[in-house]
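Asks: First the structure, then my questions, so here it is.
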Amino acid sequence: MIETVNGNLCVDGVKVSDITEEFGTPCYIMSEKTIRENCRKYKNAIEKYYGGNGLPLFASKAFSCMEIYRIVASEGLGTDVVSGGELYTALKAGFDPKKIYFHGNAKTEKELIMAIESGVGHIVVDNIEELMLLDRLAGEKGKIANISFRIKPGVEAHTHDFVKTGQIDSKFGVALENGEAFEIIKTASELKNVKVVGAHCHIGSQIFDEDPFMLAAKVMLEFMAKVKNELSVEIKELNLGGGFGIRYVEGQNPKDYDEYMRKVSETVKSESAALGLEVPYIVVEPGRSIVGAAGITAYKVMSVKTIENIRTYVAIDGGMTDNPRYALYKSEYEACIANKADKPKDFKATVAGRCCESGDLIGENMMIQKPEAGDILVVFATGAYNYSMASNYNRVPRLPVVMITDGKPRIIVKRETYEDIIRNDI
Ligand code: LLP
């Protein structure tokens, strides 16, 4: 929990200023308690609404490091990985390969071999070339790969263009409208080294409305019925992807995730009955909604530059290298000065990062307490797609991740050093 105690911002009871004193700035700070609570919401919903006949997967693109895989595994979740790097990290952390789903629209031969050899439970096939390659590779290894298909259900969710993936114009998956999805399943059902287990869709990200999820579930079930009737192929598993929204700024009010799950389950059950299908095994893949609100980033204010009648730049010791989301998507955040957290937020700031790049901003028109050099500036809800999207632009080392566990801070990812930065330089 993030709250202000005696004028100081605290995460699960630990003062942010104590954390930054011990571990330095900038740093990511995450609440293990919040992550676990979020995992349980999804896990319990699968128990409640599907009698346990399903599995939530943590979409680890939101935040991938060894400790996070250990935490979600201990909560009984599976995980979705999208690259050899995420897969390697999960396996090194001891994640049960049977509970790993491997996504991606351009998996390499090397990655597919790695997945087959390590016994990854599901490979979510994106395209026909991948299907044929996978069948060949599985055959060469004497294995049968369980597969699902990434399907574009043609459902559009209202969110930022860059993260909209359900419509036909998407680089991900195969389309329903033009028969592509039907054809690929027909082909797969005739192959020897793959087993068609599931159908998958992901309609977008940072979605607040449950209607598109319900519509996608309906469209997918209708497709599964068609495949059953016309190809005699029974798809036993329906993966509805992730995308549940979180609160970044005031006015964004996500519903309780249990409520999404309940509503979608009603559609899944009634549609299955109407179509004469058994209720499928249900998989969901939340990423942002598990880790997003569990994290903050703490920076040091380096300078405050007021340009009369234009704006005030508040420069911090981090920026787009640790959080590229404003630069990429104009994503909004809230911030505060941790050591003045009980003072009014009456100062309008453009929070600027340290890179040689005018677009290196964390936000514009952000209301914070009056800042001075040396203050600790905190940006909220940075637990998802910040650490995982960080870069070394300008050779800025990546930040450490401090996890608060049972009221105590511990490092789960070390701060990069300059030695790390030149590690692969010859
Ligand atoms: N499953 C699939 C197949 C996905 O493509 C994604 C996200 C998820 C699950 C998890 O979605 P979530 O629950 O986290 O919304 N970098 C962007 C987000 C890209 C999301 C891509 N896919 C951002 O910073 O907003």
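Asks: Would you point out which residue out of VAL219, VAL249 is open to solvent by less than 30 Å² (accessible area, probe 1.4 Å) and among the aliphatic types (A, V, I, L, M)?
Replies: VAL249
Asks: Of all residues in region 260-279, which are closer than 19 Å to ASN44 by Cα, surrounded by fewer than 23 Cβ atoms within 10 Å (Cβ to Cβ) and more than 16 Å from the ligand (Cβ to nearest atom)?
Replies: Passing the criteria: ARG262, LYS263, SER265, GLU266, THR267, LYS269, VAL279.
Asks: Could you tell me which residue of region 368-391 is farthest from PHE23 (Cα to Cα), considering only residues that are open to solvent by less than 30 Å² (accessible area, probe 1.4 Å) and of a type in the set (A, V, I, L, M, F, W, C)?
Replies: Filtering first and then ranking leaves ILE368.
Asks: I'm told GLY318 meets every condition in (1) assigned to a loop (DSSP other than H, G, I, E, B); (2) of a type in the set (Gly, Ala, Ser); (3) open to solvent by 20 Å² or more (accessible area, probe 1.4 Å) except one. Can you identify the failing condition by its number?
Replies: (3)
Asks: Counting just the residues of region 86-110 that are within 16 Å of the ligand (Cβ to nearest atom) and in a helix (DSSP H, G or I), which one comes out farthest from the chain's Cα centre (by Cα)?
Replies: Within region 86-110, the match that is farthest from the chain's Cα centre (by Cα) is LYS99.
Asks: Taking ILE144 as the residue in question, decide whether it is modelled with pLDDT of 95 or more and either over 20 Å from ASN239 (Cα atoms) or among the acidic types (Asp, Glu) (or both).
Replies: yes
Asks: Now for a different question. Provide a single number: the residues in region 406-426 that are polar (S, T, N, Q) and either within 21 Å of the chain's Cα centre (by Cα) or at positive phi (or both).
Replies: Qualifying residue count, region 406-426: 0.
Asks: For LYS305, indicate whether it is closer than 30 Å to GLY121 by Cβ, away from the ligand (no atom under 11 Å from the Cβ), outside any loop (DSSP other than H, G, I, E, B) and open to solvent by 30 Å² or more (accessible area, probe 1.4 Å).
Replies: Answer is no for this residue.
Asks: Given the conditions (1) within 16 Å of the ligand (Cβ to nearest atom); (2) within 23 Å of ILE421 (Cβ to Cβ), which single one is not true for VAL402?
Replies: Status for VAL402: all satisfied but (1).
Asks: Let me ask something else about it. Given the conditions (1) of a type outside the set (Val, Ile, Thr); (2) surrounded by fewer than 15 Cβ atoms within 10 Å (Cβ to Cβ); (3) free of Cβ contacts under 8 Å to residues at least 24 places away in the same chain; (4) farther than 28 Å from MET261 by Cα, and given that CYS10 satisfies all but one, which numbered condition is not satisfied?
Replies: Looking at each condition in turn, CYS10 falls short on (2).
Asks: Still on this model: Considering (1) in contact with a helix residue (DSSP H, G or I) (Cβ under 9 Å, 6 or more places away or on another chain); (2) among the charged types (D, E, K, R); (3) away from the ligand (no atom under 14 Å from the Cβ), say which one GLU332 fails and leave the rest.
Replies: Single failed check for GLU332: (3).
Asks: Of the residues VAL396, VAL402, only one is farther than 14 Å from GLY295 by Cα and modelled with pLDDT of 95 or more; which?
Replies: One residue alone meets the criteria, VAL396.
Asks: Quick check on region 284-293. Is at least one of its residues within 16 Å of the ligand (Cβ to nearest atom), touching a residue at least 12 places away in the same chain (Cβ under 8 Å) and open to solvent by 20 Å² or more (accessible area, probe 1.4 Å)?
Replies: yes
Asks: Does region 177-201 hold any residues that are outside any strand (DSSP E or B) and within 16 Å of the ligand (Cβ to nearest atom), and which are they?
Replies: ALA181, CYS201
Asks: Please return the ranges of helices (runs of 4 or more DSSP H) entirely within region 1-81 where 2 or more residues are within 15 Å of the ligand (Cβ to nearest atom) and modelled with pLDDT of 95 or more.
Replies: Where helices (runs of 4 or more DSSP H) fall fully within region 1-81 and carry at least 2 residues being within 15 Å of the ligand (Cβ to nearest atom) and modelled with pLDDT of 95 or more, they are 32-50, 66-74.
Asks: Consider region 211-242. How many of its residues are within 14 Å of the ligand (Cβ to nearest atom) and on the phi < 0 side of the Ramachandran plot?
Replies: Counting residues in region 211-242 that are within 14 Å of the ligand (Cβ to nearest atom) and on the phi < 0 side of the Ramachandran plot gives 8.
Asks: Run down ASN394, ASN365 and say which single residue is open to solvent by 20 Å² or more (accessible area, probe 1.4 Å) and part of a strand (DSSP E or B).
Replies: Going through ASN394, ASN365 in turn, just one is open to solvent by 20 Å² or more (accessible area, probe 1.4 Å) and part of a strand (DSSP E or B): ASN365.
The values are calculated or read from the model by the stated rules, or taken from the named source; none is laboratory data. Please read all numbers here as calculations on a predicted model, not as lab measurements. No Cβ is skipped: glycine too gets one built from the backbone with ideal geometry, and neighbour counts run over all protein chains shown. Accessible surface areas use protein heavy atoms only, side chains included; no ligands, DNA or RNA. Shrake-Rupley method; radii C 1.70, N 1.55, O 1.52, S 1.80 Å.
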